[in-house]
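The values are calculated or read from the model by the stated rules, or taken from the named source; none is laboratory data. All figures in this text were calculated on a predicted structure; none of them were measured in a lab. Don't worry about glycine lacking a Cβ; one is built from the backbone with ideal geometry, like all the others, and counts go over all protein chains shown. Note: areas computed on protein heavy atoms with side chains; ligands, DNA, RNA excluded. Shrake-Rupley method; radii C 1.70, N 1.55, O 1.52, S 1.80 Å.
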Amino acid sequence: MGIRDLLLDVASTFDTTLTTTSGNPGQQVLKEAGTRLLGALPYGMEAEGHGGQGGAAATPWVRVFDPAAGGSGTQGLYLAYIFAADLRSVALTLQQGVTALSDQLNTRGEKLRTHLEFRAQSLLDELPSDLVAGWTDQPLLKHHGWRPRAYEASSVAARCYEMDQLPNEGELCADLGTMTVILKAALAVESQIEIVPRPEGPVVEYTNSGHGTYEGLEGFRPKTGDDYYVQIAAREEQRKQVHEGLVQRFGPYILERGFIPITLGVHPRDLVLQAGDVEWLVEAKAVKKGNSTQAVREAVAQLLEYRYFWYTQRHEPKPHLLGLFSEDIGCYATYLEDHGIGSIWSTHEGWAGSASAVGWGMVEGA
């Protein structure tokens, strides 16, 4: 099962006249969305369906989001498959959190929609034109309720599908992959844009696009490395935040080597290092069960992606690339070097690294 089967099942089983607890089979399909889409989602993304609270939603949807970036559906940016009220079409759309903005503006009417439309256009204008080409469909949800109309106004980029002409699974997966890249690019510019309500209408103000100048650990605020608990199938499962712990331990170490570690304002990047006018883009990866192959592949993909959207597209000087790993990656260190990427990994004694990392002065040579 994948995206196509899930969308077709929602369209054929969801009943807007039933409550969420009165045997509405479409509600069950939506509840299973996260599990059913596991194999179809881009790396790091999760999904959940929504069919309403109490009464059925006029326009049911399936949210696709990066848990590390937030975007709860009430605030932040996220992706969603939103069905039209007649269930004959569905839009894959990059959405803003309409609930939070509605609360902020204290309105659900035209003022909100105007604000959303202006903000959506401002975000779209900041995205690379070649990336969003072909993603300018306007969702038409066919309902007069404030939420569906807000969803229409909120859309930054979208592609709409007619249910009787739904693309095949491969095309849908490719579209979602592209939209995930658009989401990450939008998250990168969102913090630089502030929409200020004015009596004559909203205006856009641009904040500093850089992450500022820091000293010591001023710009280093990694997530906690403590254990945390998540609810899975009505039980608590303890998970170690190896990734966050890796970054947390590395920061003070690399500061002692003369590099300023920065995590503030650099999301979705893991970490940026500065030394004088030189910058390093760092991607941290936990090596799971000794599988350095997977960790290295993910690091390469994300480093190249972030360099393209954060530096190349902005005409910024390209940074050095560095993979940070929780354990020795073996022969992949020379593989990364061949692709212009340095690497550092945690050891029992401290830290070790590849030839580039030694040359940069980040670790001692063998």
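Quick notes on this structure:
- Remark: pairs (first residue in segment 26-43, free of Cβ contacts under 8 Å to residues at least 12 places away in the same chain and within 14 Å of L7 (Cα to Cα); second residue surrounded by 13 or more Cβ atoms within 10 Å (Cβ to Cβ) and of a type in the set (K, R); Cβ separation under 7 Å; 6+ apart in sequence or on different chains) are absent.
- Members of segment 89-114 found to be modelled with pLDDT of 85 or more, touching a helix residue (DSSP H, G or I) at 6+ places or on another chain (Cβ under 7 Å), open to solvent by 10 Å² or more (accessible area, probe 1.4 Å) and not in a loop (DSSP other than H, G, I, E, B), listed by number: S89, K111, R113
- Qualifying residue in segment 118-135 (condition: at pLDDT 90 or above, surrounded by fewer than 19 Cβ atoms within 10 Å (Cβ to Cβ) and over 30 Å from A301 (Cα atoms)): no
- For L303, the requirement of being under 24 Å from P42 (Cβ atoms), in contact with a strand residue (DSSP E or B) (Cβ under 8 Å, 6 or more places away or on another chain) and free of Cβ contacts under 8 Å to residues at least 40 places away in the same chain is met.
- Any hit, segment 160-176, residues being within 29 Å of T107 (Cβ to Cβ) and outside any helix (DSSP H, G or I): yes
- Every pair of residues 6+ apart whose Cβ atoms lie under 9 Å, when the first sits in segment 326-338 and is within 18 Å of K289 (Cβ to Cβ) while the second is open to solvent by 30 Å² or more (accessible area, probe 1.4 Å) and at pLDDT below 90: S326/V242; S326/H243; S326/K288; E327/G290
- With respect to the conditions (1) open to solvent by 40 Å² or more (accessible area, probe 1.4 Å); (2) in a loop (DSSP other than H, G, I, E, B), D9 lacks only one, and its number is (2).
- Top-ranked residue in segment 32-45 [being small (G, A, S) and in a helix (DSSP H, G or I); ranked as most open to solvent (accessible area, probe 1.4 Å)]: G39
- Scope segment 122-156; condition assigned to a loop (DSSP other than H, G, I, E, B) and β-branched (V, I, T); matching residues: V156
Yes/no matrix, rows are residues, columns are (1) in contact with a Lys or Arg (Cβ under 7 Å, 6 or more places away or on another chain); (2) assigned to a loop (DSSP other than H, G, I, E, B); (3) basic (K, R); (4) open to solvent by less than 60 Å² (accessible area, probe 1.4 Å):
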| residue | (1), (2), (3), (4) |
| --- | --- |
| L281 | yes, no, no, yes |
| V296 | no, no, no, yes |
| A299 | yes, no, no, yes |
| Q302 | no, no, no, yes |
| R307 | yes, no, yes, no |
| Y311 | yes, no, no, yes |
| L321 | yes, no, no, yes |
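- Against the conditions (1) at pLDDT below 95; (2) part of a helix (DSSP H, G or I), E327 satisfies every one except (2).
- Here is the figure for segment 139-167: residues that are open to solvent by 70 Å² or more (accessible area, probe 1.4 Å) and touching a Cys at 6+ places or on another chain (Cβ under 8 Å) total 1.
- Looking across segment 46-68 at every residue that is assigned to a loop (DSSP other than H, G, I, E, B) and open to solvent by 30 Å² or more (accessible area, probe 1.4 Å), the one that is modelled with the highest pLDDT is identified as P67.
- Whether a residue is modelled with pLDDT under 95 and over 24 Å from Y308 (Cα atoms) was assessed, and E152 does not pass this test.
- Some residue of segment 263-279 being open to solvent by 50 Å² or more (accessible area, probe 1.4 Å), out of contact with any His (no Cβ under 6 Å at 6 or more places or on another chain), over 26 Å from K184 (Cβ atoms) and not in a loop (DSSP other than H, G, I, E, B): no
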